[in-house]
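Novice: This structure is in structure tokens; I'll ask about it shortly.
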């Protein structure tokens, strides 16, 4: 779950991190009023769940309220990487002496939390990783033991931070780490974290993402969702109890089981195809669920073929096959369908599918090869 910059700043402020607080505006008139109240140079910042706002024209400086209004007029409605701006954040302008990047993410391979920092603040960390990877300082921290203050101080020294500012950096980095843990985040990022002309530390831009599986522990987070920023198909799938993630390919995938869904996507890629989605229809794969899955997949105009990959463990293959038949009677599917059915009562299931004009193959590898050929 992603949230907006201003929402992330509010959360980090609760954890004791100094942030550049501002006012959210949904109209140019509101932006003008916010700038007038600030009484100083302001920045008008697009609020979307996307990076690259500055390069896309989503961040502008305004020296007068009238300029703030004009800036908001040009930003609201702007499309930034597929996200249409509906609100802006009006924040006071700040004199910057030095900029840094500071972030906390989950390193799944190391099974630890990774704290990253760079003196290349204000630049996307992915760009720094590609062009100047040596400028990224990394610390791995155990989720239980946490990070030690001396590690954060050493990170500050490695960044070239002046000795008098090291304690302030270490305090902010420690607070960001605790915010990451306490809020069950998957990402907590400040970019840039700055030293102002007055010599103070300030989080100029904040970003946070949360683990959906931990949202039950944070009842107040639901109010932070911006439905306009979320994929409509993914929202519909969530409401139906189906795990669905939209991707950029042209082969729709309908699978029972998250692990099998991942393996199916890998198989499609290995045969030169490109999955259009991740979809776990659930263990039962009932007619209702399969029909809903067909609707979700075929809603994507890029889909040119569909791979149904069902392994009948607890689920019986004949029951799944009957569900597929009933689903196809409800949903019109105009693209080729390839079915791989294996496991309990698989032969009976294949016979039912044959009656419906569908031929099921035995292996996932064969199914992947066939669906890629069908989409060509």
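Novice: From 47, 7, grab the single residue that is under 22 Å from residue 186 (Cα atoms), in contact with a helix residue (DSSP H, G or I) (Cβ under 8 Å, 6 or more places away or on another chain) and either in the same structural domain as residue 209 (by TED's automatic domain parsing) or surrounded by 22 or more Cβ atoms within 10 Å (Cβ to Cβ) (or both).
Specialist: So the residue among 47, 7 that is under 22 Å from residue 186 (Cα atoms), in contact with a helix residue (DSSP H, G or I) (Cβ under 8 Å, 6 or more places away or on another chain) and either in the same structural domain as residue 209 (by TED's automatic domain parsing) or surrounded by 22 or more Cβ atoms within 10 Å (Cβ to Cβ) (or both) is 47.
Novice: Just wondering, is there one or more residues in segment 160-171 that are outside any strand (DSSP E or B), modelled with pLDDT under 95 and crowded, with 17+ Cβ neighbours inside 10 Å?
Specialist: No, there is no match, as no residue in segment 160-171 is outside any strand (DSSP E or B), modelled with pLDDT under 95 and crowded, with 17+ Cβ neighbours inside 10 Å.
Novice: Give 296, 307 a once-over and let me know the one that is in contact (Cβ under 8 Å) with a residue 12 or more places away in the chain, assigned to a strand (DSSP E or B), under 30 Å from the mean Cα position of the chain (by Cα) and within 22 Å of residue 246 (Cα to Cα).
Specialist: 307
Novice: Sticking with this one: Quick test for you: out of 312, 259, pick the one residue that is over 23 Å from residue 375 (Cβ atoms), touching a strand residue (DSSP E or B) at 6+ places or on another chain (Cβ under 7 Å) and assigned by TED's automatic domain parsing to the domain that holds residue 243. Spell out the reasoning first.
Specialist: Numbers: 259 fails: touching a strand residue (DSSP E or B) at 6+ places or on another chain (Cβ under 7 Å).
Result of the check over 312, 259: 312.
Novice: Taking into account only those residues within segment 186-220 that are under 13 Å from residue 14 (Cβ atoms) and within 16 Å of the chain's Cα centre (by Cα), which is surrounded by the most Cβ atoms within 10 Å (Cβ to Cβ)?
Specialist: Of everything passing the filter in segment 186-220, 188 is surrounded by the most Cβ atoms within 10 Å (Cβ to Cβ).
Novice: With respect to residue 45, is the statement that it is farther than 25 Å from residue 114 by Cα, at pLDDT below 95 and outside any helix (DSSP H, G or I) true?
Specialist: No, not satisfied.
Novice: Does residue 354 count as over 22 Å from residue 249 (Cα atoms) and buried (at least 20 other Cβ atoms within 10 Å of the Cβ)?
Specialist: no
Novice: Which one of the conditions (1) closer than 24 Å to residue 81 by Cβ; (2) at pLDDT below 85; (3) surrounded by fewer than 23 Cβ atoms within 10 Å (Cβ to Cβ) does residue 237 fail to meet, given that it meets all the rest?
Specialist: (3)
Novice: So, one more: Take segment 14-36 and flag every residue that is in contact with a helix residue (DSSP H, G or I) (Cβ under 6 Å, 6 or more places away or on another chain), in a loop (DSSP other than H, G, I, E, B) and buried (at least 16 other Cβ atoms within 10 Å of the Cβ).
Specialist: Answer for segment 14-36, where residues must be in contact with a helix residue (DSSP H, G or I) (Cβ under 6 Å, 6 or more places away or on another chain), in a loop (DSSP other than H, G, I, E, B) and buried (at least 16 other Cβ atoms within 10 Å of the Cβ): 15, 17.
Novice: Just to be sure I understand, how many residues within segment 310-324 are surrounded by fewer than 24 Cβ atoms within 10 Å (Cβ to Cβ) and either within 31 Å of the chain's Cα centre (by Cα) or at pLDDT 85 or above (or both)?
Specialist: Result for segment 310-324: 1.
Novice: Which one of the conditions (1) within 22 Å of the chain's Cα centre (by Cα); (2) modelled with pLDDT of 90 or more; (3) assigned by TED's automatic domain parsing to the domain that holds residue 29 does residue 67 fail to meet, given that it meets all the rest?
Specialist: For residue 67, the failing item is (1).
Novice: Which condition number in (1) closer than 26 Å to residue 172 by Cβ; (2) assigned by TED's automatic domain parsing to the domain that holds residue 29; (3) surrounded by fewer than 17 Cβ atoms within 10 Å (Cβ to Cβ) is the one that residue 53 fails?
Specialist: Checking residue 53 against (1) closer than 26 Å to residue 172 by Cβ; (2) assigned by TED's automatic domain parsing to the domain that holds residue 29; (3) surrounded by fewer than 17 Cβ atoms within 10 Å (Cβ to Cβ), the one that fails is (3).
The values are calculated or read from the model by the stated rules, or taken from the named source; none is laboratory data. This one's a predicted model, so the numbers in the text were calculated from it and none came from an experiment. Neighbour counts run over all protein chains shown; Cβ positions are idealised from the backbone, glycine included.
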